[in-house]
């Protein structure tokens, strides 16, 4: 989009009414590429055509393709939300969150053969097999088949019976008592079929009904002194209870709810949904998509799309963070469900731990697709929520000052991209304008020089031409206050700026802004990431300081040599790299160095080779005469 086009669209947007409504963004060919709702159309639409600095990447791409827009007035913001949902479903715009509904019907299949198998099937075939279902959730169908196989010790291998009986050794499942091993011939066909029928009853009747029935049979066998039969039934009851205990890991005190979490990566985002009924997890879904932009708006769009295609709507929807227009969404969901629906964002307790588990699963999906670890994805998401950032900070710059009582004052800059050190982007700064020990002024100088470089290289994908998503300073509120005016002077006040505070043991304790400290100790993933950033920038800065101090010390040593001043000492170090190289250099090599003369070279050589100089003097020569 040209600047002229942007100004024209902004002028049109500024003429819109301050009224609720829906706006539709069109590309040149007339295609609707984005639909949104607004409480005040003028304010919302004009934002798109203002400064790009306030937009995330998704919005920038969308705006770049806008040719014209239209709008529809509504009587309220709630009506705008309902109309937005309807129009998005009708037009499926490219830049809205669109969910692919790939849920079909699933079946549990009992194969038609002498030794039948229990399997999951995606469709019902005319193959003589028996089918249970249909079931909507593929995850629940798979879980049911897996549970039934383990409880009733049915095989899940590819061996066929009776053909393969006695041909191979049994697999691991036999040894861990999860398979009756027909391959060994230790169970008759009739007994095997009886197990299959019990497994079918378990799937159809549920665990509670199966437990009641098995208990009655076990009691009957015990009364009839059939102790072996009773023992087998007891083992099945134990297996069912073990499966129930495993389910309790994801069970919760809220009988019916959906738990939804978002994880964002550099090029990919993922919403994960865990659905609970009767306090137990009965279904889970994940939706992978491209960048979704600002999290609050993304959650609103996702809820609208998801509950347009999913029923039933539970009485509680639990989210991992705040959602735009929460009150309107609750009203809309309540109308669709025919009863009250509440949206919650838990902060502590069992519900918060449940949300964290769902978020971890979402982060793992992003990690697998982008080549990151689940821990890195989770840490960036957690850090974004703690600091109130619109999205995960994929490109983080961190700065630290290092000096010794104001001498050899330097700074180090490290970069973390997608949660990992990007060492090619590390930089070193020698403080030029600050005399003595003043960390605040030194930090301000470094950031000013960094953003002068940004002005010179703006738009370049690497190096100083790239703006960070987050700046972390090694220090507290003082450093943040000193640097904030620098960002404002360059028109970059939108770049998030925080300090990293250490405790008395020099370990990361909190993050601070101008508004106060944010404790991070209880947020393990974010705490680990920030600690590693702080340790790395400190290591980098102090390493440069030691290097500078060493060179300064060596330079001071060189200036003790007759004919070598500060400028010539620096030139020698620059040319040879190290003092050791200067020591090993011949007199000819020293004299060939930039800025050197033959007398000065002779003095330097004599300084590091006093024995040879003594011999020359004995012979009546002086180094300066050679």
- Query: Of the residues 150, 186, 167, which is more than 30 Å from residue 286 (Cβ to Cβ) and either in contact with a strand residue (DSSP E or B) (Cβ under 6 Å, 6 or more places away or on another chain) or touching a residue at least 12 places away in the same chain (Cβ under 8 Å) (or both)?
  - Reply: 167
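Please work out if residue 59 is within 30 Å of residue 333 (Cα to Cα), in a helix (DSSP H, G or I) and touching a residue at least 60 places away in the same chain (Cβ under 8 Å). Break it down stepwise before answering.
Numbers: within 30 Å of residue 333 (Cα to Cα): yes; in a helix (DSSP H, G or I): yes; touching a residue at least 60 places away in the same chain (Cβ under 8 Å): yes.
So residue 59 passes the test.
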- Residues of the stretch 578-610 being under 16 Å from residue 561 (Cα atoms) and at pLDDT below 80, in sequence order, are 579, 610
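Looking at the stretch 291-310, can you tell me whether even one residue there is at pLDDT below 90 and over 20 Å from the mean Cα position of the chain (by Cα)?
For the stretch 291-310, residues at pLDDT below 90 and over 20 Å from the mean Cα position of the chain (by Cα): present.
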- Note on the structure: Across (1) at pLDDT 85 or above; (2) buried (at least 18 other Cβ atoms within 10 Å of the Cβ); (3) under 24 Å from residue 275 (Cα atoms), residue 120 clears everything bar (2)
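Give me the strands (runs of 3 or more DSSP E) completely within the stretch 267-349, filtered to those with at least 1 residues that are within 26 Å of residue 368 (Cβ to Cβ), ordered by residue number.
On the way: elements: 269-277, 280-289, 316-319, 342-344.
Those strands (runs of 3 or more DSSP E) span 269-277, 280-289, 316-319.
In the stretch 406-426, which residues are assigned to a strand (DSSP E or B) and either surrounded by fewer than 19 Cβ atoms within 10 Å (Cβ to Cβ) or outside the structural domain of residue 474 (by TED's automatic domain parsing) (or both)? Show your work before the answer.
Filtering the stretch 406-426 for residues assigned to a strand (DSSP E or B) gives 407-417, 420-421.
Those that are assigned to a strand (DSSP E or B) and either surrounded by fewer than 19 Cβ atoms within 10 Å (Cβ to Cβ) or outside the structural domain of residue 474 (by TED's automatic domain parsing) (or both): 407, 417, 420, 421.
Among the residues that make up the stretch 199-216, is at least one of them part of a strand (DSSP E or B) and at pLDDT 80 or above?
Just the residues of the stretch 199-216 that are part of a strand (DSSP E or B), to begin with: none.
Taking every residue of the stretch 199-216 in turn, none turns out to be part of a strand (DSSP E or B) and at pLDDT 80 or above.
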- Checking 548, 616, 622 in turn, the sole residue that is within 29 Å of residue 474 (Cβ to Cβ) and at pLDDT below 85 turns out to be 548
- Task: Please work out if residue 475 is buried (at least 18 other Cβ atoms within 10 Å of the Cβ) and out of contact with any helix residue (DSSP H, G or I) (no Cβ under 6 Å at 6 or more places or on another chain).
- Result: yes
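The values are calculated or read from the model by the stated rules, or taken from the named source; none is laboratory data. In this text the structure is predicted, and so the values were computed from the model without any measurement. Glycine gets a Cβ as well: all are built from the backbone with ideal geometry, and neighbour counts include every protein chain shown.
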